[in-house]
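In what follows, a structure is listed as structure tokens, so that the remarks can point back to it.
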Amino acid sequence: MSPPSSTEFDIIFAGGGATACVVAGRLVASDPSLKILVLEAGDHTLNKASHVQPYQYPFHIAPTSTTVTFNIGNPTPSLNGRALIVPSGHSVGGGSTINFGAYTRAPASDFDDWAVDGWKSDDLIPLMKKLETYEVQPDCATHGYNGPIKVSSGGYDFSICKEFAHVGMTYHKRPYAEDTDNLETYIDGTTGRRSDAAHCYIYNQAHNPNLQVWAGKRVKRIIFEDKRAVGVEFTSDLVTSPDGDQSLNTVRASKLVVVAAGAFGSPAILERQCGIEQLVNLPGVGENYQDHNVVLVPYLAADEAVTMDPLWRGDESVLKGALAQWNSSGRSLMLQSWTADKAVAIFSLIAGYIGPLMGTLPPRNYMMSPIFHVHIKSDENGKEGLDFTSGFLDE
């Protein structure tokens with residue numbers, strides 16, 4: 001999947017995150033003769049421990065990480081003048097290769113309330129079933145059992161999370177339900193590996209030379225002839241390939257150019273047309289950015305409680321044992337499990353603490369519960385930057 005000499009493909013994907021991997025993988029599986037190119041600014045993730053071992057997700061948001069892009073928002077009064085930082089995936093497979101791995105689906109009524117033909121729950125559930133191999137329980141009418149994405153409970157059950165939930169029952173007098181729309185994980189319950197878009201849709205088709213993934217390549221803009229997109233202009237990504245050639249290169253698409261660079265990358269590509277006359281008026285580009293807020297609240301846990309903290313602190317004795325068990329059976333502490341219609345918020349229990357106080361809190365056991373715009377702008381020196389308003393806490 002390294003860059004060949006070809007400079008023309010049938011379809012080019014500008015961005016190689018989760019969406020690009022799924023669509024490109026499905027297209028080439030349907031028609032292996034299609035010549036498809038995926039250009040991704042981040043690095044490859046194939047069989048890298050930091051991506052396939054589920055417990056390593058907190059390390060991707062460390063300040064020195066190169067597997068995410070830290071998008072710095074505009075200071076806002078709602079945050080007392082603070083500039084919020086939102087990380088996004090910077091690797092082949094995008095966020096699916098570095099995130100918490102939590103898997104959940106919206107209630108059917110959310111889709112039905114749209115009242116749009118083709119987008120109702122009866123239309124979408126078959127597609128959801130198509131992507132799943134659901135390992136949580138058998139014979140569920142709304143889940144699939146032959147799809148590429150493995151969905152499981154994670155393989156390791158933290159008793160501290162159930163204890164926390166049962167404490168809540170003593171105050172609210174609500175029954176404990178085993179069968180709910182709980183957060184599950186896209187972890188293969190047999191191998192214990194993360195089930196991400198890159199491995200499940202792209203890397204498993206490496207035998208087809210018509211599917212190319214060029215990592216470390218950042219798309220700058222779309223090339224048009226009249227009103228038709230015929231290719232892209234790209235260069236080496238400064239983070240992934242700091243010593244790479246920074247000159248601009250072009251590659252052409254005979255059929256289609258797909259802009260799939262995420263909530264931050266796609267608006268930048270579409271707006272970065274270098275003074276070219278506007279071809280189509282799309283005022284929605286870069287608008288309506290939406291995100292999910294996360295509040296990480298640490299609680300002290302008993303010394304004898306089993307949590308993820310020793311792994312995240314790098315305790316060699318615990319890490320060695322967990323890794324050996326993971327390699328032999330695919331089930332160990334390295335697999336984090338996650339424990340009303342139209343929920344306003346999800347209260348998720350995490351057996352361990354990750355957050356800004358990781359280097360400050362004493363080394364012991366913990367547990368946690370965890371519409372605006374994106375544009376580009378130029379500073380006074382003409383350097384491009386991100387014009388990003390997160391909208392967190394805004395009315």
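The values are calculated or read from the model by the stated rules, or taken from the named source; none is laboratory data. Model, not experiment: these values are computed from the prediction. Cβ: placed from backbone, ideal geometry, glycine included. Neighbour counts: every protein chain shown. What goes into the accessible areas is simple: the full protein's heavy atoms, side chains included, and nothing from ligands, DNA or RNA. Shrake-Rupley method; radii C 1.70, N 1.55, O 1.52, S 1.80 Å.
Data for the structure
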| item | result |
| --- | --- |
| Condition met for residue 277 (at pLDDT 75 or above, of a type in the set (D, E, K, R) and open to solvent by 70 Å² or more (accessible area, probe 1.4 Å)) | no |
| Counted residues, region 186-203 - those being assigned to a loop (DSSP other than H, G, I, E, B) and either open to solvent by 30 Å² or more (accessible area, probe 1.4 Å) or in contact with a Ser or Thr (Cβ under 8 Å, 6 or more places away or on another chain) (or both) | 8 |
| Region 42-68 - residue that is surrounded by fewer than 16 Cβ atoms within 10 Å (Cβ to Cβ) and of a type in the set (Val, Ile, Thr) and, of those, farthest from residue 199 (Cα to Cα) | 64 |
| Check on residue 133, at negative phi and at pLDDT 90 or above | yes |
| Listing of strands (runs of 3 or more DSSP E) fully contained in region 30-127 that carry 1 or more residues being more than 16 Å from the chain's Cα centre (by Cα), farther than 24 Å from residue 185 by Cβ and modelled with pLDDT of 95 or more | 36-40 |
| Total residues in region 302-341, condition modelled with pLDDT under 80, among the hydrophobic types (A, V, I, L, M, F, W, C) and not in a helix (DSSP H, G or I) | 5 |
| Condition check for residue 147: assigned to a loop (DSSP other than H, G, I, E, B), modelled with pLDDT of 90 or more and either within 24 Å of residue 19 (Cα to Cα) or open to solvent by less than 70 Å² (accessible area, probe 1.4 Å) (or both) | yes |
| Residue 220, sole failed condition from (1) more than 22 Å from residue 44 (Cβ to Cβ); (2) among the charged types (D, E, K, R); (3) at pLDDT 90 or above | (1) |
| Residue in region 221-240 that is farthest from residue 90 (Cα to Cα), counting only those that are open to solvent by 60 Å² or more (accessible area, probe 1.4 Å) and of a type outside the set (A, V, I, L, M, F, W, C) | 226 |
| Hey, residue 139 at pLDDT 85 or above and assigned to a loop (DSSP other than H, G, I, E, B) or not | yes |
| Hits in region 241-262 - residues which are open to solvent by 60 Å² or more (accessible area, probe 1.4 Å) and not in a strand (DSSP E or B) | 242, 243, 245, 246, 248 |
| Residue 9 being aromatic (Phe, Trp, Tyr), open to solvent by less than 60 Å² (accessible area, probe 1.4 Å) and in contact with an Asp or Glu (Cβ under 9 Å, 6 or more places away or on another chain) | no |
| Region 15-48, residues that are among the aliphatic types (A, V, I, L, M), farther than 16 Å from residue 205 by Cα and in contact with an Asp or Glu (Cβ under 7 Å, 6 or more places away or on another chain) | 41 |
| Test for residue 297: is it of a type in the set (A, V, I, L, M, F, W, C), modelled with pLDDT of 75 or more and closer than 27 Å to residue 168 by Cα | yes |
